[in-house]
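The values are calculated or read from the model by the stated rules, or taken from the named source; none is laboratory data. No experiment lies behind these values; they were computed from the predicted model shown. Don't worry about glycine lacking a Cβ; one is built from the backbone with ideal geometry, like all the others, and counts go over all protein chains shown. Keep in mind that these areas ignore ligands, DNA and RNA; they rest on the heavy atoms of the full protein, side chains included. Shrake-Rupley method; radii C 1.70, N 1.55, O 1.52, S 1.80 Å.
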Amino acid sequence: MTDATSIPAAPEDGRRKSSLRTLDARTRRRNAAEKRFRFYGLAAILVGLFFLVVLGVTIVRSGLPAFTQTVVSIDFTLSEEDYAKAEGQLFKTKAYEQIFNAALVTSLEERGVEAEFDAKAINRIMGKPGATIREHFRANEGDLGTPVQFELSAASRVDGYFKGRVTRDGFVDSRFLQASDLDLVDALAEAGIIRQAFNWNFITGADSGVDNPGGAGIGASVVGSFFMMLVVLFLSLPIGVAASIYLEEFAPQNRFTDLIEVNISNLAAVPSIVFGILGLAVFIQFMHLPQSAPLVGGLVLTLMTLPTIIISTRASLKAVPPSIRDAALGLGASKMQSVLHHVLPLAMPGILTGTIIGLAQALGETAPLLLIGMVGFVARGYPDGFIAGFTEPNSAMPAQIYTWAARADVGFYEKAWGGIIVLLLFLLTMNIIAIILRRRFERRW
Amino acid sequence: MNDMRVIERDVDVTETKISARGVQVYYADNHAIKDVNVDIEDKTVTAFIGPSGCGKSTFLRCLNRMNDTIDICRVEGEIRLDGEDIYDPAVDPVQLRAKVGMVFQKPNPFPKSIYDNIAYGPRIHGLARNRAELDEIVERSLRRGAIWDEVKDRLDAPGTSLSGGQQQRLCIARAVATEPEVLLMDEPCSALDPIATSQVEELIDELRANYSVVIVTHSMQQAARVSQKTAFFHLGNLVEYGETGKIFTKPEDSRTESYITGRIG
């Protein structure tokens, strides 16, 4: 303690001794700025979450009705005599319809349903059932004479009546539906003939005509999108990874490789419709690949996805510590061995992340598909035709949704939302698979 | 650590393993190694010392052509391993590196199991015909790396789970597993604590029985402790090369003397 006096006294030149317990103005400002920044961040996250919830709720609310369909289920017996008579006429479906209508009236009277209706009203409620009935009995002649249960999908407006889209308030009669038909519909519903059923056709079916939203299904375009994703995955992943490995590990650093690098980055920013018209010109008009086919769609989307995969793969290859490469080379591994055995497995999680981002983009892409003709269509020979594979005409989910959203009949509106739900579920499945794969590759070092 | 006493060791064999003549190394326009001539002996530990950036690591990496991986690096002159020019166009650097193993400054085990770390070299060079032989090589290498007793019960554990000193001995065992003739070590102890350092140094002394070991080090004490021959590099020149004892006690060049007495570097 003898040298305590040698400790210099506090300087006198205006600096006052301050306590650690009182904050000076500068620290206060700094703390306030930090608090503000945290608040901004939190607010941004909350806003994001809010919109996510709004989006989710809207999609589910608007889309769920697409998964149910109002059906008219009727037991109908066709005698062999009537069958022979109907087949003998010129307008066969018309004849079947008349037989059916007569049977329906009898069956309703038996159940005690009392309502005024005529053949036209039946057509307005359940379309023209003649063709469906004829097809069934021609295919299964054994069913003649026994009761067969038919589930006919109700017309779009009747379906809308049950889903709350069409109401009696302010109802205007039209050739599509009249107020008196609604009475009949109510009576049929009470008798248990009209009811809501799960719409399997929406999940497994193909697109329908513009006046029949009840028959529209997303199934065909799910398969179309699936085929396209297969093409994209099996082309863009190997090509992208091979290109990245070459550029990152083997290519000499010169002006030419710099040029390639810049161009790959630029390609990632090219609008997708440009790729669409390129695909139309090169794959369809020049190479004569089939129009509207998932193969061509997949090729176009591959071009679009490649830059994304190459950029993310190169970034994850760069992130592998050089000491791992040195270790392998120092043991006498060749360059190829060091890349394949050590660098690539370590870069795999990053590569998979890039791939899933690229595939998700490709899955949601609509514009290029419109140009190569992969828009919604009434599938001929469904389900045999489209399932044949990559070169049969097909649609893709986003293009199908776009087509539905553009149609006049409001019944298609809910189909579009329903399509969105299926699209998101498809994407979710893809992501889950990618995450599981990535987990398996993730290693600590 | 001021103990500069040098233990005299017998050098039983004085056969030249590597001979370098007129070696020049350029990084683009930078002349990093200037006309180095050196003969490295078999079954000897040779230390390269010198201040940072003097080119000792660069020269070390010439000996197994690791500099090939750097695009802008150019090597001139002649380096012979057992009389064969390693820069001859007919020489495959991959084959060379199997003969001249390397241990790096930072322990760099593969993010795989301890077993796979050791087995990787023998696998790619086809040194084992079956699993039993491979097991034997792994055990022998880990024993030579003086780490067998610590890891024998957990060969499946990741190599990265070991401590720094253990990782470095694992890397040495990995280098030894390919049966090299020369072992290059680039500051193998600079990332290790004193206890791990002394374990690795002990190991280096044991390895001398079978290999020609070349070690780059920043620590003059380490050079004095482990090596029989010492080369002093300064600004890309090989200033002095000779018996370790002589370099540290009666250096011929004034720059060497300045460095070992702490006046430069």
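For the interface of chains B and A, what total accessible area is buried with a 1.4 Å probe, rounded to the nearest 100 Å²?
Working: alone 12420 and 25850 Å², together 36460 Å².
Approximately 1800 Å² gets buried when B meets A.
Using a 1.4 Å probe, how large is the accessible area of A:LEU23, given in Å² and rounded to the nearest 10?
90
Based solely on C-alpha atoms, express the radius of gyration and the Dmax of the protein assembly as shown in angstrom.
Radius of gyration, then largest Cα-Cα span, for the protein assembly as shown: 40.2, 130 Å.
Is there a simple number for the mean count of other chain Cβ atoms within 10 Å of the Cβ of residues in B:102-109, and what is it?
Numbers: counts 6, 2, 4, 2, 4, 2, 10, 4.
Per residue, the average neighbour count from other chains is 4.
If you count, for each residue, the other Cβ atoms within 10 Å and average over each peptide, how do A:303-311, A:318-326, A:25-33, B:241-249 line up from highest to lowest? Walk me through the numbers on the way to the answer.
Working: A:303-311: 23.8, A:318-326: 15.7, A:25-33: 10.0, B:241-249: 18.8.
Packing proxy ranking, top to bottom: A:303-311, B:241-249, A:318-326, A:25-33.
What percentage of the solvent-accessible surface of segment B:67-183, computed with a 1.4 Å probe over protein heavy atoms, is contributed by carbon and sulfur atoms? If you can, show how the numbers build up before the last one.
On the way: 2340 of 5160 Å².
The value for segment B:67-183 is 45 percent carbon and sulfur by accessible area.
Can you tell me which of A:VAL223, A:VAL148, A:VAL232 moves the most in a GNM of chain A? Springs connect C-alpha atoms under 10 Å apart.
Maximum among the listed residues: A:VAL148.
With a Förster radius of 45 Å, plug the Cβ-Cβ distance of A:GLU151 and A:PHE51 into 1/(1 + (r/R0)^6) and report the FRET value to the nearest 0.05.
Values: r = 40 Å, r/R0 = 0.89.
Between A:GLU151 and A:PHE51 the formula returns 0.65.
For segment B:125-265, what relative contact order do you get, as a whole percent, if you take Cα pairs closer than 8 Å and at least 6 residues apart? Walk me through the numbers on the way to the answer.
Details: 138 pairs, mean separation 22.0, N = 141.
Taking the mean separation of contacting Cα pairs over the length of segment B:125-265, I get 16 percent.
Whole number please: convex hull volume per residue, Cα atoms of segment B:128-244, in Å³.
On the way: hull volume 14.0 nm³, N = 117.
Normalising the Cα hull of segment B:128-244 by residue number yields 120 Å³.
Helix-only mean residue ellipticity at 222 nm, chain A, DSSP H runs n ≥ 4 weighted -39,500 (n - 2.57), per residue, nearest 500. What is it?
On the way: 18 runs with 261 residues, N = 445.
One gets -19000 deg cm²/dmol as the mean residue ellipticity at 222 nm.
Just to confirm, what accessible area per residue do you get for segment A:219-441 at 1.4 Å probe, in whole Å²? It would help to have the intermediate numbers written out before the result.
On the way: 9860 Å² over 223 residues.
The answer is 44 Å² per residue.
When only Cα pairs under 8 Å and 6 or more residues apart are kept, what is the percent relative contact order across chain B? Don't skip to the end; give the middle numbers.
Working: 512 pairs, mean separation 75.1, N = 265.
Taking the mean separation of contacting Cα pairs over the length of chain B, I get 28 percent.
Filter B:LYS17/B:LYS250; B:LYS56/B:LYS250; B:LYS56/B:LYS106; A:LYS335/B:LYS106; A:LYS94/A:LYS163 down to the pairs with a C-alpha to C-alpha distance above 28 Å, please. Kindly include the intermediate steps, with their values, before the conclusion.
Values: B:LYS17/B:LYS250 26 Å; B:LYS56/B:LYS250 22 Å; B:LYS56/B:LYS106 17 Å; A:LYS335/B:LYS106 21 Å; A:LYS94/A:LYS163 30 Å.
From B:LYS17/B:LYS250; B:LYS56/B:LYS250; B:LYS56/B:LYS106; A:LYS335/B:LYS106; A:LYS94/A:LYS163, over 28 Å: A:LYS94/A:LYS163.
How much accessible area per residue does segment B:1-154 have, counting only protein heavy atoms and a probe of 1.4 Å, in square angstrom? Write out the running numbers ahead of the final one.
Values: 7480 Å² over 154 residues.
Result: 49 Å² of accessible area for each residue.
Would you rank A:PHE227, B:PHE48, A:PHE37, A:PHE171 by solvent-accessible area, highest first, keeping every protein chain in place and using a 1.4 Å probe? Write down the numbers at each step before the final one.
Working: A:PHE227 30, B:PHE48 0, A:PHE37 150, A:PHE171 55 Å².
Reading off the accessible areas and sorting them downward yields A:PHE37, A:PHE171, A:PHE227, B:PHE48.
Order these peptides, A:83-95, A:406-418, by their mean beta-carbon neighbour count within 10 angstrom, highest first.
Details: A:83-95: 13.8, A:406-418: 19.6.
Ranking, from highest mean packing down: A:406-418, A:83-95.
Could you tell me the calculated FRET efficiency between A:HIS288 and A:LEU144, based on Cβ-Cβ distance and R0 = 41 angstrom, to the nearest 0.05? Provide the component values of the computation, followed by the final result.
Details: r = 49 Å, r/R0 = 1.19.
Using R0 = 41 Å, I get an efficiency of 0.25.
Note down the nm distance, to one decimal, between modelled labels 7 Å out along Cα→Cβ at A:ILE59 and at A:ILE433.
Spacing of the two 7 Å Cα→Cβ label points: 1.9 nm.
Kindly write out, for segment A:338-349 in residue order, the coupling ³J(HN,Hα) from the Karplus curve 6.51 cos²θ - 1.76 cosθ + 1.60 (θ = phi - 60°), rounded to whole Hz, with x marking Gly and Pro.
These are the phi-based 3J(HN,Hα) values: 5, 6, 6, 7, 10, 6, 5, x, 6, 8, 4, x Hz.
Could you name the lysines whose alpha carbon sits less than 16 Å from that of B:LYS152, not counting residues in the same chain fewer than 8 places away?
The reachable lysines, counting only those whose Cα sits under 16 Å from B:LYS152, are B:LYS112.
Please list A:VAL375, A:VAL422 in order of solvent-accessible area, largest first, computed with a 1.4 Å probe with all protein chains present.
Numbers: A:VAL375 50, A:VAL422 25 Å².
Result, largest first: A:VAL375, A:VAL422.
Among B:ILE215, B:ILE79, B:ILE124, determine the one that fluctuates most according to a GNM of chain B built with springs between C-alpha atoms less than 10 Å apart.
In the Gaussian network model the winner is B:ILE124.
Between A:ARG168 and A:ALA33, how many nm apart are label points set 7 Å from Cα along the C-beta direction?
6.9
What average count of beta carbons from other chains do you get within 10 Å of the Cβ of residues in B:118-126? Write out the running numbers ahead of the final one.
On the way: counts 0, 0, 7, 5, 1, 3, 8, 3, 0.
Averaged over the peptide's residues, the number is 3.
Tabulate in residue order the Karplus-calculated ³J(HN,Hα) for segment A:73-80, using 6.51 cos²θ - 1.76 cosθ + 1.60 with θ = phi - 60°, rounded to whole Hz; enter x for Gly and Pro.
Once rounded to whole Hz, the list reads 10, 9, 7, 9, 10, 10, 7, 4.
So what is the calculated 222 nm ellipticity per residue for chain B, using -39500 (n - 2.57) for each DSSP H run with n of 4 or more, over all residues, to the nearest 500 deg cm²/dmol? Numbers along the way, then the final one.
Details: 10 runs with 92 residues, N = 265.
Calculated at 222 nm, the ellipticity per residue is -10000 deg cm²/dmol.
Per residue, how much accessible surface does segment A:65-198 expose to a 1.4 Å probe? Answer in Å², no decimals.
On the way: 7270 Å² over 134 residues.
Averaged over the residues of segment A:65-198, the accessible area is 54 Å².
Hey, rough spin-label estimate for A:PHE256 and A:LYS17, points 7 angstrom out along Cα→Cβ, what's it come to in nanometres?
Between A:PHE256 and A:LYS17, the simple spin-label model gives 7.5 nm.
Using only alpha carbon pairs under 8 Å that are at least six residues apart, calculate the relative contact order of chain A and give it in whole percent. Numbers along the way, then the final one.
Values: 555 pairs, mean separation 82.8, N = 445.
Computed over chain A, the figure is 19 percent.
For segment A:65-198, what % of the accessible area comes from carbon and sulfur atoms, probe 1.4 Å? Walk me through the numbers before you get to the answer.
Working: 3490 of 7270 Å².
Looking at segment A:65-198 in its full context, I get 48 percent from C and S.
Within a 10 angstrom radius of each residue's Cβ in A:322-329, how many Cβ atoms of other chains show up on average? Whole number is fine.
Working: counts 2, 6, 4, 2, 9, 13, 6, 9.
Mean number of neighbouring Cβ atoms from other chains: 6.
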